[in-house]
Amino acid sequence: KPANCASCHEAAVKEYQATAHAKARAGGNLVAATCSNCHGNHDIQKSSEPASRTHVARVESTCASCHGNEALIEKAKLPGGNIVSQYHDSIHGRKTNGKGTAAAKAPTCTGCHGSHKILSKSDPASRVNREHIALMCGSCHQQVYSRFSGSQHGQLRQAGNSAAPTCIDCHSAHQIQQHGTSKWQAEVIKECGNCHQDFIKTYRDTYHGQVTQLGGIARMATCNSCHGAHEVLPASNPKSM
């Protein structure tokens, strides 16, 4: 007989019951995670204990048992595919798998999605709902969030324009890379082009645009070289670059 976790952990179980995992199980998908999948059975330890499955250093491997398992991903039709492999190679993943202060501070799966209250990104109450992304990322990247909030993109979003870009549109959700590399700087142009199609077309015809397509170029003028990265403002604004 399954353990009745709610008899002791009523609040945590109540939160879990509203999650994407619980809803999937209620819909007949018994592959979806329950308490023991994350916390263990007889080996349950506090999250502060290094050996705990929910310790910050082990969260990735715990989530990977489902979201990094190709066979299970296919069987359960998990959204996003192998998310853990994407995260592992990201700047966040490389930090959490490192050592020292940077590893302790870098976000893991639960840092963005929550622990018991994991909701689908389509749920308005979800921490990873599109409307909440900038604020969530800003909980770590405060200075960037401040600049973004004052930008044209940020102002459009505050005015209710959901199509305006937010953090994940440029950086992606799980495959976030180091922004200082020439490879990333050249490839992020494609993300700008997803919205600004007319501008990316004319940019590609210029010397700058042609150079970026050669690859491996350390210095070239890209979109953010002229417009800025997070503080993008229209040319009519005196504060615009």
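When region 123-156 is filtered for residues that are of a type outside the set (A, V, I, L, M), surrounded by 14 or more Cβ atoms within 10 Å (Cβ to Cβ) and under 25 Å from CYS109 (Cβ atoms), the ones remaining, listed by number, are ASP123, SER126, ARG127, ASN129, ARG130, HIS132, CYS137, GLY138, CYS140, HIS141, TYR145, PHE148.
Across region 162-173, the qualifying residues are those that are more than 14 Å from VAL232 (Cβ to Cβ) and part of a loop (DSSP other than H, G, I, E, B), and the one among them that is most open to solvent (accessible area, probe 1.4 Å) is ALA163. Please work out which residue is least open to solvent (accessible area, probe 1.4 Å), limiting yourself to region 3-21 and to residues that are free of Cβ contacts under 8 Å to residues at least 60 places away in the same chain and in a loop (DSSP other than H, G, I, E, B). The qualifying residue least open to solvent (accessible area, probe 1.4 Å) is ALA3.
The number of residues in region 109-122 that are more than 26 Å from SER61 (Cβ to Cβ) and buried (at least 18 other Cβ atoms within 10 Å of the Cβ) comes to 0. On the stretch given as region 22-34, residues that are open to solvent by 40 Å² or more (accessible area, probe 1.4 Å) and part of a helix (DSSP H, G or I) total 3. Here GLY98 meets the list (1) in a helix (DSSP H, G or I); (2) of a type outside the set (A, V, I, L, M); (3) surrounded by fewer than 16 Cβ atoms within 10 Å (Cβ to Cβ) almost entirely, failing just condition (1). Which residues, counting only those in region 174-225, are more than 29 Å from GLY93 (Cα to Cα), open to solvent by less than 70 Å² (accessible area, probe 1.4 Å), of a type in the set (Val, Ile, Thr) and part of a helix (DSSP H, G or I)? Result: ILE200, VAL211. The residues of region 173-186 that are over 18 Å from GLY228 (Cβ atoms) and free of Cβ contacts under 8 Å to residues at least 24 places away in the same chain amount to a single one, THR181. Counting residues in region 136-153 that are touching a residue at least 24 places away in the same chain (Cβ under 8 Å), among the aliphatic types (A, V, I, L, M), assigned to a loop (DSSP other than H, G, I, E, B) and touching a helix residue (DSSP H, G or I) at 6+ places or on another chain (Cβ under 8 Å) gives zero.
Residue-wise test of (1) over 14 Å from the mean Cα position of the chain (by Cα); (2) open to solvent by less than 40 Å² (accessible area, probe 1.4 Å); (3) more than 22 Å from CYS137 (Cβ to Cβ); (4) of a type in the set (Ser, Thr, Tyr).
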residue	(1), (2), (3), (4)
SER61	yes, no, yes, yes
ALA64	yes, yes, yes, no
ASP89	no, no, no, no
GLY93	no, yes, no, no
PRO107	no, yes, no, no
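Cβ-Cβ distances below 7 Å connect the following pairs, each with a first residue in region 119-134 that is part of a helix (DSSP H, G or I), a second residue that is of a type in the set (A, V, I, L, M, F, W, C) and modelled with pLDDT of 95 or more, and a separation of six or more residues or different chains: ILE133/CYS167; ILE133/ILE168; ALA134/PHE148; ALA134/CYS167. Once region 48-94 is narrowed to residues that are in contact with a helix residue (DSSP H, G or I) (Cβ under 8 Å, 6 or more places away or on another chain), part of a helix (DSSP H, G or I) and of a type in the set (Ser, Thr, Tyr), the residue that is nearest to SER172 (Cα to Cα) is TYR87.
The values are calculated or read from the model by the stated rules, or taken from the named source; none is laboratory data. As the structure is a computational prediction, the values presented were derived from the model and not from experiment. A quick note on method: Cβ atoms are made from the backbone with ideal geometry, for glycine too, and the neighbour counts reach across all protein chains shown. When the accessible area is computed, the model is the full protein with side chains, heavy atoms only, and any ligands, DNA or RNA have been set aside. Shrake-Rupley method; radii C 1.70, N 1.55, O 1.52, S 1.80 Å.
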